Amino acid sequence: MIGFVRRHPFLVAVPLALVTNTILLVVIVTGVRLVTAIRDPADGPVPFTVVEGPGKVASAEYTDDSLPISARLDDVTAIRVTYWSTDATTGQPTVVSGLVVTGPEPDDGQTRPVVAFAHGTTGIDEPCAPSVAAGMYGLGELAHGLVKAGFVVALPDYQGLGSPGVHPYLDARTAGMNVIDSVRALRAVLPYASEEWVAYGGSQGGGAVLAAAMAAPEYGRGLTMLGAAAMVPAADIAGVVTKSQDGTITGDQQLMLQWIVEAWSRRDPAVRLDDYRRGPAVAAWDTLSACAGPAVAGRAKAAEALGPRDVGPGTPESAFALGEVLAGYAVPVVETPVPMYILYGGRDTFIDSEWTAAFVERACAVGDSVTVEFQEDRGHGDVDAAALLPWISARFAGEPVSSTCSER
């Protein structure tokens with residue numbers, strides 16, 4: 001999970017700029033760069049079309065603190081929206097927040113293609129959402145580049161981030177629905193947005209866009225999803241349970257697991273945290289859970305004090321319960337017409353490459369189109385994504401997809 005390192009809890013992969021046909025992938029791994037914003041007198045409510053069902057917009061207003069100066073000088077505008085989506089576990093409707101980013105309106109009759117970007121881990125608390133964070137963890141730069149390339153952009157926060165509720169951390173199915181509904185919300189706000197769209201995301205967001213691809217034929221009806229590009233995706237992480245039991249879990253995975261357990265306990269009062277924590281993890285639990293505020297300063301030190309078995313299930317029963325939850329969070333593998341591009345590394349300390357390879361095998365087995373780029377010498381935050389933008393552009397151009405499933 002990009003940028004989610006032991007000394008800083010943020011995990012965001014961001015292409016920093018798009019210059020003609022070149023994408024420069026910049027990964028924030030040690031901190032969050034704050035971008036100075038400019039006050040815009042146009043701040044205020046934005047009109048939108050009211051459409052019932054998932055994606056229905058509850059509110060929309062211009063925001064003046066989400067984009068860098070360079071974007072505002074290019075007449076790029078950010079709109080913060082709240083919209084209805086669905087909790088995949090309960091099936092209940094939820095209100096989710098996010099951003100819509102666009103440039104000047106096109107001429108009458110013209111449309112703009114849509115890219116939905118699904119972010120990596122930023123935390124599990126409401127204030128951790130990119131749409132309410134100063135500088136958006138750098139995502140303003142990403143949106144600016146995509147708008148300059150001719151797209152309009154949806155940036156969902158995910159359930160429980162930026163809006164009231166509990167964030168089901170690494171529940172790819174719920175995040176996938178949030179991504180689909182962010183496109184519906186964008187189209188309600190921007191009447192010139194096309195129904196054709198591509199999803200693009202990294203790490204937590206990588207799992208989200210793959211889940212969106214699987215859900216698109218049914219849940220995404222009314223939209224035309226042309227592709228899902230996923231970097232180092234958290235598609236199925238159930239293997240972390242066994243690693244926590246046998247002591248082979250990495251430090252990065254241990255912090256990931258701590259957030260999983262804490263977020264799960266907020267949804268399910270029956271979860272006993274002491275079944276999943278020992279030693280220094282008990283006293284430092286709240287510090288380890290933080291993404292903002294004074295506690296963040298102590299998170300690195302608390303993480304360094306953890307032993308290999310201080311976070312994770314302590315009994316066979318608690319291991320089974322956690323495994324069941326993570327199996328439910330995984331991207332469901334079904335036959336889908338949406339082509340997928342998956343980029344991952346052999347030295348990933350967050351998402352084991354074997355987990356991603358197993359997901360690809362399952363997707364290929366049901367007949368899905370998967371283009372795989374495996375970089376054996378790369379990790380989680382240093383994969384080379386040079387081929388990603390051309391792949392996305394090719395989907396909008398209607399070019400044929402070269403699935404690598406036949407090579408496996």
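Observations
- Region 115-217: C-alpha gyration tensor shape, a/c 1.5 cut-off, then a/b vs b/c: oblate
- Listed residues Gly247, Pro313, Ala302: farthest to the positive end of the dipole of region 240-328 (Cβ charges): Ala302
- For Lys301, the aspartates and glutamates whose Cα comes closer than 20 Å to its Cα, not counting residues fewer than 8 places off in the same chain, are Asp252, Glu262, Asp286, Asp310.
- Label zone at Arg272 (point 7 Å along Cα-to-Cβ), backbone N below 17 Å, region 317-342: 317-323
- Taking the helices alone, the chain has a mean residue ellipticity at 222 nm of -8500 deg cm²/dmol, built from -39,500 (n - 2.57) per DSSP H run of at least 4 residues and averaged over all its residues.
- Each of the peptides 355-365, 336-346, 155-165 was scored by the mean count of other Cβ atoms within 10 Å over its residues; in descending order, highest first, they stand as 155-165, 336-346, 355-365.
- Three-way shape label, region 342-407, alpha-carbon gyration tensor, a/c 1.5: oblate
- Reported to the nearest whole Å, the Cα centre-to-centre distance from region 202-259 to region 338-400 is 12.
- Relative contact order %, the chain, counting alpha carbon pairs below 8 Å whose residues are six or more apart: 16 percent
- Axis angle, to the nearest 10 degrees, between helix 139-148 and the longest C-alpha principal axis of the chain: 30 degrees.
- Relative packing of 121-134, 379-392, which averages over residues the other C-beta atoms within 10 Å, highest first: 121-134, 379-392
- Estimated distance in nm for a label pair at Ala238 and Thr89, the labels positioned 7 Å out from Cα along Cα-to-Cβ: 1.6 nm
- Summarising the amide proton neighbourhood of Gly346: residues at separation of 5 or more, or on other chains, whose placed amide H is nearer than 5 Å comprise Gln375, Glu376, Asp377, Arg378.
- Between 0 and 90°, nearest 10: helix 251-267 axis offset from the chain longest Cα axis: 80 degrees
- Computed P(r) (all Cα pairs; region 240-328; 10 Å bins; percent): 17, 55, 26, 2
- Protection proxy ranking, highest mean first, for peptides 84-93, 322-331: 322-331, 84-93, where packing is the per-residue count of other beta-carbon atoms within 10 Å, averaged.
- The distance separating the Cα centre of region 72-115 from that of region 270-334 comes to 33 Å.
- Val282 versus Asp75: modelled label distance in nm, points set 7 Å from Cα along the beta carbon direction: 6.3 nm
- Computed over every Cα-Cα pair of region 167-236 and binned at 10 Å starting from 0, the pair-distance distribution P(r) comes out as 24, 53, 22, 2 percent.
- Net lengthening on full extension, Thr224/Asp64 (0.36 nm per residue, minus Cα-Cα): 54.5 nm
- With Cα atoms, 0 to 90° folded angle of helix 204-215 axis to the chain main axis: 70 degrees
- Note on Lys56: lysines with a C-alpha under 29 Å away, same-chain residues under 8 apart excluded, are Lys148.
- When DSSP beta bridges are restricted to pairs lying wholly in the chain, around 55% turn out antiparallel.
- FRET efficiency, Thr250 to Asp107 (Cβ-Cβ, R0 60 Å, nearest 0.05): 0.70
- Added length on full extension, which subtracts the Cα-Cα distance from 0.36 nm per residue, Ala300 to Ala134: 57.6 nm
- Gyration tensor (alpha-carbon) shape descriptor, region 277-329, a/c threshold 1.5: oblate
Where a number appears in this text, it was derived from the coordinates with a stated rule and is not lab data. None of these values were measured; they are calculated from a predicted model. Using ideal geometry, Cβ is built from the backbone for each residue, glycine included, and neighbour counts are taken over all protein chains shown.
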